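So the structure is just underneath, and the comments pick up after that.
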Amino acid sequence: MPPDSPESEYAPRLAGLADWLVRRRRLLLGIAIVLVLGAIHPASLLKLDESVESFYAPDDPYLLEYLDSKQTFGGDEFVFVAYHDPQLLEREGLDRVRRFAEQLNQVPGVRAESTQCLATTLAPPDAGFAVRMFLRFPTTHKNLINFSRRILIGDDNETTGIVLRLLPEHDSPIRRTETFRQIRELADSHQPRAFVTGEPVMIHDMFRYVEQDGRILGIATSSLLILIILLLFRSLRWMVLPLLLVHAALLWTKAILVLSGMKLSMVSSILTSLITIIGIATVMHVTVRFRELRDNRDRFAAFRQTFVDLAPATFWSCVTTAVGFGALLSSGITPVRSFGTMVALGTMLILVAGALVLPGGILIGSLDADPHRPPAERRLLGLLSKISHGVEHRSKLLLTLLALLSVAAATGLSRLRVETDFSKNFRANSPIIESIHFFEDRLGGVGSWEINFSAPIEPTKVNGQTATQRLDFEFLERGSSLSAELRDLTMPDGTGPTKAVGLGDGIDFIPGLAGRSLEQKRDVLRTLQPEFEDSLYNSETGRMRIMLRAREQQPAETKLQLIDRAEEVAQAEFPDAQATGLYVLLAHLIQSLLSDQLVAFGLAAAGILVMMTIAFRSIWVGLVMLIPNTFPILIVIGGMGWVGVPVNIGTAMIASVSMGLTVDSSIHYLAGYRRARAAGLDHYAAIHQTHAGVGRALVFASIALVLGFTVLSLSHFIPLIYFGVLVSVAMLGGLLGDLVLLPLLLYWVPVPLPADIAHQTD
């Protein structure tokens, strides 16, 4: 029996299905076109979920504390606008601050009554005569400036900040994107130029970069892949086919997501890239095998045999990849679960797209019908031949080298570090990083967070009667002492909070004239700063908080230690005290992703083992298949530790993604090896033939996809750059595992051949 038509228990059924596809190729292609046209509109409606809260499980304690604080104190989404003015403390300088703040207050989406600036703090517009006289005292003026230090005025007395509080997004008359655009427009036109920062702005920019990069990089990647495939096979038909298949599957996936009510997240922004990888690799195998068969068969017979040879491997590749990504459903993070669902769905739709598009795409018409031989193919075949001979004659040396490489990579795992410095997600020359540098160098920390704790309720119900449990000086003194402790808190590297302000600090600022009660002081404070008390104390729920600022540009370990230490200090005075805020959420974000990924990776490995065991009817084959697919993950993650690439939003899921992407190459290799063995070849002869056939397809697919992913280096969002580089390394590692490690392992493992399986079934 010739090598290209091996005995198979599935061959008669597959041949019959291939004949059915050939007969209905025009109908199937027409159905594909109709489905694509019908999916265009719903697919265009797919939106990006831009909430940071969605990264956490609904019952996550950090999220619950944050949401509880938002409900209690009305939410704290602050935008900071800062600039330098040598005349800041002169009348002209303060007038400029006031006018600029008034302009910013006109921006829809800004809560104007909550805006803080130095001019209105030193001279409140609604203050009465007595208050104005009080504020004119030199001592009072000096104390007020010191009270505003590192928020509204820098240590140089020439840098000022304006604090804008945003309306809740559902109450804003315009989208946040437009609010930030108008604020930045005013800042850019201000003389001197002003800088805009704040965690809401950073989060907004992150999603905007992801969204913009997704569109631009999608076009650029597709264009580059078109060029690469055209150069490899010099055929317009075979250049268009993989793109049709990929984009059909993508459109259908997005349309189904819209109809099911799902949204894209920052995690799933790489959906297009992953579906492109899987689709291009699938068509690459078809292209190489079809071209081989065309040497001695007509187009229809070549397609029929290509289908018989590749359909099982392609089916199990897609199913196994879908199972691998389906393991992400174990995550407690909604975007990660939706990402797993999206990729699994898109992978299975590649099968559908292939069945509908490829028969007609390959067989209809005669123009440019066959792919041509790639340039330098003979050199590639020579290289693959040397590799296969090395596997045969240098097996011990190769195993030793791979083992040493694995050990070296494994030692890099201990050097991994987690990056929660949110500013590191952006290029150094991006506007948001320039603004963070300006603000943190001159005014203090951009990171906004809080310590909140129980306080008296005013009023409360006792036995059905309204009772009043008022604040007193003693309670506020405890809060002031805690504020002072938090301000003095210093970590081993010398960093700490750059500001800590509580209600007691504001009360202490009001002079204690004879007979003046706490209520009178609170009335004066409301005149000076109408929003001050309400933003720090909710008398109805009985919660009080101290607002803190900390540097955003800090190592992850320092940031988390600072949060834990501040909470520990607060709980010594108020046992139920808790730290929360966007700063805290972002600091724990990567840890939340990583903890889920350990479980997801284990489930993915188990799922792939089960699928491989079912596909090849041997648990030993399933176990062997895990090794070359774990190898690139070890190389990538260990290499990250050695090179110093941090674990961030883009790299946290690299293990699960790599496992899902490399397994299909191993399946195609093993399928080719089984075909060769079923044709009567021994182990090493089968390895030589598989390298020359399937090996070529693996190399072509890897070249196209690695070069395609270099486009990600153009991204403005650093995690996407890391993702592109690491996926490329994983694919190269997977190629090494499939061409060297897998054939070495197959020598020691009995692989059931089609005839063996048929005999066992009988």
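The values are calculated or read from the model by the stated rules, or taken from the named source; none is laboratory data. Here the structure is a predicted model, which is why all the values come from computation and not from measurement. Glycine also receives a Cβ, built like all others from the backbone with ideal geometry; neighbour counts cover every protein chain displayed.
Considered as a group, the residues in the range 396-436 that are touching a residue at least 12 places away in the same chain (Cβ under 8 Å), exposed (fewer than 15 other Cβ atoms within 10 Å of the Cβ) and small (Gly, Ala, Ser) include one that is farthest from Ile687 (Cα to Cα), and that residue is Ser414. From the list Asp126, Asp76, the one residue that fits, being over 30 Å from Met342 (Cα atoms), buried (at least 18 other Cβ atoms within 10 Å of the Cβ) and at pLDDT below 85, is Asp76.
Condition check: modelled with pLDDT of 85 or more and among the β-branched types (Val, Ile, Thr). Does Thr115 satisfy that? The answer is yes for Thr115.
Among residues of the range 102-123 that are touching a residue at least 60 places away in the same chain (Cβ under 8 Å) and surrounded by 18 or more Cβ atoms within 10 Å (Cβ to Cβ), those with a beta-carbon under 8 Å from a residue that is in a helix (DSSP H, G or I) and basic (Lys, Arg) at least six positions away or on a different chain give the pairs Gly109/Arg176. Just to be sure, is Ile457 within 30 Å of Ala566 (Cα to Cα), in contact with a strand residue (DSSP E or B) (Cβ under 6 Å, 6 or more places away or on another chain) and surrounded by 14 or more Cβ atoms within 10 Å (Cβ to Cβ)? For Ile457, the condition - within 30 Å of Ala566 (Cα to Cα), in contact with a strand residue (DSSP E or B) (Cβ under 6 Å, 6 or more places away or on another chain) and surrounded by 14 or more Cβ atoms within 10 Å (Cβ to Cβ) - is not met. In the range 509-533, which residue that is in contact with a helix residue (DSSP H, G or I) (Cβ under 8 Å, 6 or more places away or on another chain) and of a type in the set (Asp, Glu) is modelled with the highest pLDDT? Only one residue fits best here, namely Glu533.
Would you be able to say whether some residue in the range 213-229 is closer than 18 Å to Thr115 by Cβ, of a type outside the set (Gly, Ala, Ser) and touching a residue at least 24 places away in the same chain (Cβ under 8 Å)? Within the range 213-229, not a single residue is closer than 18 Å to Thr115 by Cβ, of a type outside the set (Gly, Ala, Ser) and touching a residue at least 24 places away in the same chain (Cβ under 8 Å).
Which of the residues spanning the range 152-182 are closer than 27 Å to Gly444 by Cβ, of a type in the set (A, V, I, L, M) and in a loop (DSSP other than H, G, I, E, B)? Outline the logic, then answer.
So in the range 152-182, the residues closer than 27 Å to Gly444 by Cβ come out as 152-169, 176, 179-182.
Restricting the remaining residues to those that are of a type in the set (A, V, I, L, M) gives 152-153, 162-164, 166-167.
Correct list: Leu152, Leu167.
For the range 62-110, the set of residues classified as under 20 Å from Leu536 (Cα atoms) and among the polar types (S, T, N, Q) consists of Ser69, Gln71, Thr72, listed by residue number. Applying a threshold of 9 Å to beta carbon distances and a minimum spacing of six or more residues, or different chains, the list of pairs starting in the range 365-376 at a residue that is of a type in the set (Lys, Arg) and ending at one that is in a loop (DSSP other than H, G, I, E, B) reads Arg373/Arg234. Residues being part of a helix (DSSP H, G or I), of a type in the set (A, V, I, L, M), free of Cβ contacts under 8 Å to residues at least 60 places away in the same chain and crowded, with 21+ Cβ neighbours inside 10 Å are represented in the range 336-353 by at least one member. For the range 330-389, the set of residues classified as small (Gly, Ala, Ser) and over 28 Å from Leu735 (Cβ atoms) consists of Ser330, Ser331, Gly332, Ser338, Gly360, Gly365, Ser366, Ala369, listed by residue number. Within the option set Val657, Val663, being of a type outside the set (Asp, Glu) and modelled with pLDDT of 80 or more holds for one residue only, Val663. Set side by side, the residues Ala281, Ala311 differ, and just one is at pLDDT 90 or above, among the aliphatic types (A, V, I, L, M) and out of contact with any strand residue (DSSP E or B) (no Cβ under 6 Å at 6 or more places or on another chain), which is Ala311. The test for being modelled with pLDDT of 90 or more, over 39 Å from the mean Cα position of the chain (by Cα) and either in a loop (DSSP other than H, G, I, E, B) or hydroxyl-bearing (Ser, Thr, Tyr) (or both) holds for Ser385. Checking each residue in the range 159-187 for being touching a strand residue (DSSP E or B) at 6+ places or on another chain (Cβ under 8 Å) and over 15 Å from Cys117 (Cβ atoms) picks out Leu166, Leu167, Ser172, Arg176, Thr179, Phe180, Arg184. For the range 525-561, taking the residues that are in a loop (DSSP other than H, G, I, E, B) and under 29 Å from the mean Cα position of the chain (by Cα), the one that is nearest to Thr498 (Cα to Cα) is identified as Arg551. Among residues of the range 477-491 that are more than 18 Å from Arg551 (Cα to Cα), those with a beta-carbon under 7 Å from a residue that is among the small types (Gly, Ala, Ser) and in a helix (DSSP H, G or I) at least six positions away or on a different chain give the pairs Glu477/Gly504; Gly479/Gly504; Ser480/Gly504; Leu482/Ala570.
When Val391 is tested against (1) more than 30 Å from Leu741 (Cα to Cα); (2) aliphatic (A, V, I, L, M); (3) touching a Phe, Trp or Tyr at 6+ places or on another chain (Cβ under 9 Å), just one condition goes unmet, and that condition is (1). Scanning the range 10-41 for residues that are surrounded by 14 or more Cβ atoms within 10 Å (Cβ to Cβ) and β-branched (Val, Ile, Thr), we see that the one that is farthest from Leu251 (Cα to Cα) is Val22. Looking across the range 641-660, the residues that are farther than 30 Å from Leu345 by Cα and in a helix (DSSP H, G or I) come down to Gly641, Trp642, Val643. Testing Met133 on (1) closer than 22 Å to Asp441 by Cα; (2) among the hydrophobic types (A, V, I, L, M, F, W, C); (3) surrounded by fewer than 16 Cβ atoms within 10 Å (Cβ to Cβ), one condition comes back false. Which one is that? Evaluating Met133 over (1) closer than 22 Å to Asp441 by Cα; (2) among the hydrophobic types (A, V, I, L, M, F, W, C); (3) surrounded by fewer than 16 Cβ atoms within 10 Å (Cβ to Cβ) leaves (1) as the failure.
Taken together, Arg150, Arg184, Arg193, Arg165 contain a single residue that is of a type in the set (Lys, Arg), surrounded by fewer than 15 Cβ atoms within 10 Å (Cβ to Cβ) and either touching a residue at least 12 places away in the same chain (Cβ under 8 Å) or closer than 25 Å to Phe426 by Cα (or both), which is Arg193. From the list Glu440, Glu477, the lone residue that is in a helix (DSSP H, G or I), at pLDDT 85 or above and surrounded by fewer than 16 Cβ atoms within 10 Å (Cβ to Cβ) is Glu477. Taken over the range 232-245, the residue count meeting the criterion of being of a type in the set (A, V, I, L, M), in contact (Cβ under 8 Å) with a residue 40 or more places away in the chain and within 16 Å of Ile362 (Cα to Cα) is 5.
The sole residue among Leu46, Leu144 that is in contact (Cβ under 8 Å) with a residue 60 or more places away in the chain and within 21 Å of Phe207 (Cα to Cα) is Leu46. If you go through the range 89-111 and keep only what is within 26 Å of Pro200 (Cβ to Cβ), of a type outside the set (D, E, K, R), touching a strand residue (DSSP E or B) at 6+ places or on another chain (Cβ under 9 Å) and assigned to a loop (DSSP other than H, G, I, E, B), you end up with Val107, Gly109. When the range 612-629 is filtered for residues that are of a type in the set (S, T, N, Q) and either touching a His at 6+ places or on another chain (Cβ under 9 Å) or more than 11 Å from Asp738 (Cα to Cα) (or both), the ones remaining, listed by number, are Thr613, Ser618.
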